[in-house]
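We did not get these values from a lab; they are worked out from the coordinates using the rules stated. Here the structure is a predicted model, which is why all the values come from computation and not from measurement. Here the Cβ positions follow ideal geometry from the backbone for every residue, glycine too, while neighbour counts run over all protein chains shown.
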Amino acid sequence: IRRLGVLTSGGDAPGMNAAIRAVVRACVHHGIKPYGIREGYKGLIDGQIEPMNARSVANIINQGGTLLKSARSQAFRTPEGRQTAFENFRSADLDALVVIGGDGSFTGATLFEKEFGIPVVGIPGTIDNDIFGTDYTIGYDTALNTVIEAVDKIRDTATSHNRLFFVEVMGRDAGFIALNSGIGCGAEEILIPEADRGIDHLIKSLERSDRTGKTSSIVLVAEGGKDGGAFEIAKTLEAKLPDYEARVTVLGHIQRGGRPSCFDRVLASRLGVAAVKTLMAGNSCVMVGVRNNAVALTPFAEAISKHNAIDDELLEVADIVSI
Ligand code: ATP
């Protein structure tokens, strides 16, 4: 490999900058010329490709978001769009690509490599932690810390006013953020798509709390549950238990921003270095991740189609410590 392109795609996540920095510096270390592609696949189609060097990624390890910017590109979903992307890729004389993003980004990368034979390696960057093949995605740990900081503040009001709070966190199809931050902030109940036990279970739990003298409760809700988001659940609950007056907070995009945690910076640095090594070793269409604290490769096909299961032990812990 002589010249390598790197882009960030899909939703941004804290730690993406640390990953860009690691990819660029690993390239420099190995004598490869790094190029930054702005705005994900959109920038590849528009020809936004710029040379980078060790200094162009200075002072970004501590910043959330992505220096290269991210975007969602409809055009890249079409063969014509990918053809234009390929032409730009070739005119910049690039011969390999690192994609930092989620499973949609890896689907696009798979097509790009199939159609044009470009070696591509992926780095999982998304706060949801919903990518198979890695124990952690970049941004997840920071998001957890953001959630518990916010919920700690909400708890002050919940306690002072004996109130029931529903806090909605991100996770369209995955409850990792809700489950782990829920345990971390001492939630009374945690509602996640993978283990949805319904409103009746929640009611039982609240009634038990009443009996045992608990005066305030925080319920964490993953946005993708079958009973709806936090607002819907609060409404359903108030209809069934008119004595309860619930408050709802939707944390929203604050979960995607902020300074990356040390964990995410280290993870991103490891995966950035590993991505360049993986390409140099002749691999393609694989994602670099960590499993049991070692770098592990997973074919895109598997990373896209399979899902990490929620840990039953964590569900049990959540139940036991919330009584
Ligand atoms: P997040 O987890 O934040 O949603 P993601 O990578 O899954 O990240 P997507 O919006 O699904 O985010 O995908 C990012 C981009 O990847 C899309 O805007 C599109 O350009 C490309 N992409 C996604 N799916 C496909 C596909 N089936 N074919 C071609 N390109 C795709």
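Values for this structure:
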| quantity | calculated |
| --- | --- |
| Only Lys, Arg (+1) and Asp, Glu (-1) charged, at Cβ; the stretch 1-66 dipole about Cα centre in debye | 300 |
| Sequence-distant lysines (8 or more away, or on other chains) whose Cα lies within less than 20 Å of K277 | K33 |
| Unsatisfied cross-links (Cα-Cα over 26 Å) in the set K235/K306; K153/K306; K153/K235; K69/K306; K204/K235; K153/K240 | K235/K306; K153/K306; K69/K306; K153/K240 |
| Chymotrypsin sites (Phe, Trp or Tyr not before Pro) restricted to DSSP loop in the stretch 135-241 with at most 14 other C-beta within 10 Å | none |
| Helical mean residue ellipticity (222 nm; -39500 (n - 2.57) per DSSP H run of 4+; nearest 500) of the chain | -13500 deg cm²/dmol |
| Space enclosed by the convex hull of the alpha-carbon atoms of the stretch 93-185, per residue, Å³ | 99 |
| Computed over the stretch 1-134: relative contact order in percent, which uses C-alpha pairs under 8 Å that are six or more apart | 32 |
| Mean-position separation - Cα centroids, the stretch 10-86 and the stretch 244-323, in angstrom | 20 |
| Debye intensity ratio in log₁₀ form over the Cα atoms of the chain, taken at each q of 0.06, 0.07, 0.08, 0.10 Å⁻¹ | -0.24, -0.32, -0.40, -0.60 |
| In Å, descending, principal axis extents of the Cα set of the stretch 1-105 | 36, 29, 19 |
| Relative contact order computed over the chain (Cα-Cα under 8 Å; 6+ residues apart), in percent | 24 |
| Highest-MSF residue in the chain out of M52, M287, M16 [GNM, Cα springs under 10 Å] | M52 |
| Cβ charges +1 (Lys, Arg) and -1 (Asp, Glu), total dipole of the chain, debye | 1340 |
| Sequence-separation-based contact order of the stretch 199-323, relative, with Cα cut under 8 Å and 6+ spacing, percent | 13 |
| P(r), alpha carbons of the stretch 226-323 - 10 Å bins starting at zero, rounded % | 11, 21, 31, 20, 12, 4, 0 |
| Taking the convex hull of Cα positions in the stretch 14-60, its mean projected area over all directions (nm²) | 3.3 |
